[in-house]
């Protein structure tokens, strides 16, 4: 996906602090949270996205430490959808 498509998804779905199912071309899908960090604007210009995976989500929410996130390339993302809370 392009950076614009991902930004549009984030804005239209208003996914602040919502878990998203993210499918990739060449890797298994994951559920995660898109982060807005101090380097977000710079990363977005390169179509890179800071995402906290579901497995690290509770640790991130407790500490707020961005080191629980990983950076993913938007080109590898094929589909995204907001996960409904259970």
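The values are calculated or read from the model by the stated rules, or taken from the named source; none is laboratory data. All values derive from a computational prediction rather than experimental measurement. Methodologically, a virtual Cβ is constructed for each residue, glycine included, from the backbone with ideal geometry; neighbour enumeration extends over all protein chains shown.
Worth a mention:
- Taking region 1-58 as the range and being surrounded by 13 or more Cβ atoms within 10 Å (Cβ to Cβ) and out of contact with any strand residue (DSSP E or B) (no Cβ under 8 Å at 6 or more places or on another chain) as the test, the residues that pass are 3, 5, 7, 44.
- A count restricted to region 27-46 and to residues that are under 18 Å from residue 81 (Cα atoms), in contact (Cβ under 8 Å) with a residue 12 or more places away in the chain and over 11 Å from the mean Cα position of the chain (by Cα) stands at 1.
- Only residues that are at pLDDT 95 or above and on the phi > 0 side of the Ramachandran plot were counted in region 39-68, giving 1.
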